[in-house]
1. Under a GNM of the chain (C-alpha, springs under 10 Å), which listed residue has the highest mean-square fluctuation: Arg128, Arg145, Arg104?
2. Tally up the carbon and sulfur contribution to the accessible surface of the chain as a whole percent, 1.4 Å probe, everything protein left in place.
3. Ordered by residue, what ³J(HN,Hα) values in Hz, to whole numbers, does the range 124-133 give under the Karplus form 6.51 cos²θ - 1.76 cosθ + 1.60, where θ = phi - 60° and Gly and Pro are x?
4. Full extension from Asp67 to Leu189: what is 0.36 nm times the residue separation minus their Cα-Cα distance, to one decimal in nm?
5. Once label points are set 7 Å from the Cα along Cα→Cβ at both His106 and Ala92, what is their separation, rounded to one decimal in nm?
6. Based on the Cβ-Cβ distance of His150 and Arg127, what FRET efficiency does E = 1/(1 + (r/R0)^6) give at R0 = 22 Å, to the nearest 0.05?
7. So, for the chain, what is the accessible surface per residue at a probe of 1.4 Å, expressed in square angstrom?
8. Stokes-Einstein at 20 °C, 1.002 mPa s, Kirkwood radius from Cα pairs: D for the range 1-42 in µm² s⁻¹?
Amino acid sequence: MKNIIIFGAPGSGKGTYSDEIVTRYGMGHISTGDVLRAEIKQESELGKIAQGYISNGQLIPDELMIDILAKTYDSLPTGKGVIFDGFPRTIAQAEALKKMLAERNHEMGVMIELIVDEETLMERLLRRAQIEGRADDNEETIKKRFAVYHNQTEPLAAWFEKEGIRHTFTWEGSKDQMLANIFAFLDTLK
Ligand code: ATP
Ligand code: MG
């Protein structure tokens, strides 16, 4: 499988669909949110820096994030492709990803954008708060994350469009339907 960039607002299902894609196509998976949460748990230097940003709903600075991403990518087998979940989130990160992959003679592959209405996103994140207890899943921080998404991340959709690799999938009320649509598209790439 080609590399896949999975893109969408907080709670849009990036992690959920990534797991399903990994199971079906046997590729690598980088979730920058999971990497950061693991660092926080270990109380590493990076974790200490990340904690403040995450609990405020803000993005970790680009230079730091780009460095983490490259290190994580180079630690994975890339032969079957990698799914990037939660990265890039800014234009600078997207440019850095493109450059990093080009330097390794790899391609960005395809971008999958998950489009979900904000009411559904909020419901999901509040439900997840009760199950997983993530520090940033409370109504106030979620609203900040939505604002950060609109201001800093959403403009990237046009960047991917220009790259000619943007593919959108819109939530219509069923996870199985969403997954079937995504798989139908990815199956054409193999
Ligand atoms: P979901 O996982 O439900 O889609 P999300 O997109 O908000 O929600 P994560 O991707 O797990 O969640 O990210 C959680 C937090 O980690 C972000 O709000 C941000 O603070 C930090 N983070 C993760 N990836 C990046 C990134 N590429 N650049 C900067 N900060 C990041
Ligand atoms: Mg996630």
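The values are calculated or read from the model by the stated rules, or taken from the named source; none is laboratory data. Everything numeric here is computed off the predicted structure, so don't read it as measured data. Using ideal geometry, Cβ is built from the backbone for each residue, glycine included, and neighbour counts are taken over all protein chains shown. Side chains included, ligands, DNA and RNA excluded: accessible areas come from the protein's heavy atoms. Shrake-Rupley method; radii C 1.70, N 1.55, O 1.52, S 1.80 Å.
1. Arg104
2. Details: 4750 of 9740 Å².
Here it works out to 49 percent.
3. Using θ = phi - 60°, the values come out as 5, 5, 5, 5, 5, 4, 6, 8, 9, x Hz.
4. Details: separation 122, 0.36 × 122 = 43.92 nm, distance 2.94 nm.
That pair, Asp67 and Leu189, stretches by 41.0 nm at full extension.
5. My value for the distance between the label points is 2.3 nm.
6. Details: r = 22 Å, r/R0 = 1.00.
Calculated transfer efficiency: 0.50.
7. On the way: 9740 Å² over 190 residues.
I get 51 Å² per residue for this part.
8. Numbers: Rh = 11.4 Å.
After rounding, the answer is 188 µm²/s.
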